[in-house]
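A.B. asks: Just dropping this structure here.
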Amino acid sequence: MSSRSQVSGLLVEDVKAMRIYLRAMLENKNVRIAEASSLAEAREFLRASPDSPPDFVVLDLELPDGNGLDLKPDLSGATRVLALTADVTREIELQCRNAGCDLVMEKNGELASLGERISHSIAFRTEQGGRDQESSFSYATFLAEVLVELQTAQA
């Protein structure tokens, strides 16, 4: 987390109703949120505040001007990235992990835990200087499942 007392985030989501819902949820956790409805708006926000990058970004994968993962190179290495998608498949999760996302969540029922998961992952990274345990465990589980599938396919 940054030296600021309040956690800051950037919400990149093109659906206004979803932005309103997520903003309310995160502000309820005392998180200061900036919003962008496209990659271009998100890049504009990041260029305007180079000395104070957000602590985290909630990033929709399907935006009107491209894939949300295209924003990853523009982010500070200290910025946590949570990818949101309508359907988390193994391929999408792998793509997000390879791009450096810390968490991948479906937009359906998982969103209720968004504030807690962001708070936990930012606090853990601040204390430990690395990925949060939940994220690492999820990725390890994912890789183990893929390995089993590959072994089964080769047999």
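The values are calculated or read from the model by the stated rules, or taken from the named source; none is laboratory data. Being a predicted model, the structure only gives us computed values, none of them experimental. We place every Cβ from the backbone using ideal geometry, glycine too, and count neighbours over all the protein chains shown. The area values use the complete protein model at the heavy-atom level, side chains included, leaving out ligands, DNA and RNA. Shrake-Rupley method; radii C 1.70, N 1.55, O 1.52, S 1.80 Å.
A.B. asks: Hey, any hits in the stretch 40-52 for a residue that's open to solvent by less than 70 Å² (accessible area, probe 1.4 Å), among the aliphatic types (A, V, I, L, M) and touching a strand residue (DSSP E or B) at 6+ places or on another chain (Cβ under 6 Å)?
C.D. replies: Yes; the residues of the stretch 40-52 include at least one that is open to solvent by less than 70 Å² (accessible area, probe 1.4 Å), among the aliphatic types (A, V, I, L, M) and touching a strand residue (DSSP E or B) at 6+ places or on another chain (Cβ under 6 Å).
A.B. asks: Here's a follow-up. What's the number of the condition D60 fails, among (1) closer than 19 Å to M105 by Cβ; (2) of a type in the set (D, E, K, R); (3) open to solvent by 70 Å² or more (accessible area, probe 1.4 Å)?
C.D. replies: (3)
A.B. asks: Given the criteria part of a strand (DSSP E or B) and open to solvent by 20 Å² or more (accessible area, probe 1.4 Å), does E93 qualify?
C.D. replies: No: the conditions fail for E93.
A.B. asks: Go through (1) surrounded by fewer than 20 Cβ atoms within 10 Å (Cβ to Cβ); (2) over 20 Å from N108 (Cα atoms) for N28 and report which single condition fails.
C.D. replies: Unmet for N28, out of (1) surrounded by fewer than 20 Cβ atoms within 10 Å (Cβ to Cβ); (2) over 20 Å from N108 (Cα atoms): (2).
A.B. asks: In addition: If I122 meets every condition in (1) under 21 Å from Q6 (Cα atoms); (2) surrounded by 20 or more Cβ atoms within 10 Å (Cβ to Cβ); (3) modelled with pLDDT of 85 or more apart from one, which number is that one?
C.D. replies: All conditions are met except number (3).
A.B. asks: Starting from the stretch 74-101, keep only residues that are under 27 Å from A48 (Cα atoms) and among the charged types (D, E, K, R), then list their pairs with residues that are open to solvent by 30 Å² or more (accessible area, probe 1.4 Å) and outside any loop (DSSP other than H, G, I, E, B) whose Cβ atoms are within a distance under 6 Å, requiring at least 6 positions of separation or different chains.
C.D. replies: D74/R43
A.B. asks: Residue by residue through the stretch 63-75, note down the ones that are in a loop (DSSP other than H, G, I, E, B) and open to solvent by 40 Å² or more (accessible area, probe 1.4 Å).
C.D. replies: P64, D65
A.B. asks: Identify, please: which residue in the stretch 36-60 is in a loop (DSSP other than H, G, I, E, B) and modelled with pLDDT of 95 or more and is, among those, farthest from L22 (Cα to Cα)?
C.D. replies: S38
A.B. asks: If L22 satisfies every condition in (1) open to solvent by 20 Å² or more (accessible area, probe 1.4 Å); (2) part of a helix (DSSP H, G or I) but one, which is the exception?
C.D. replies: (1)
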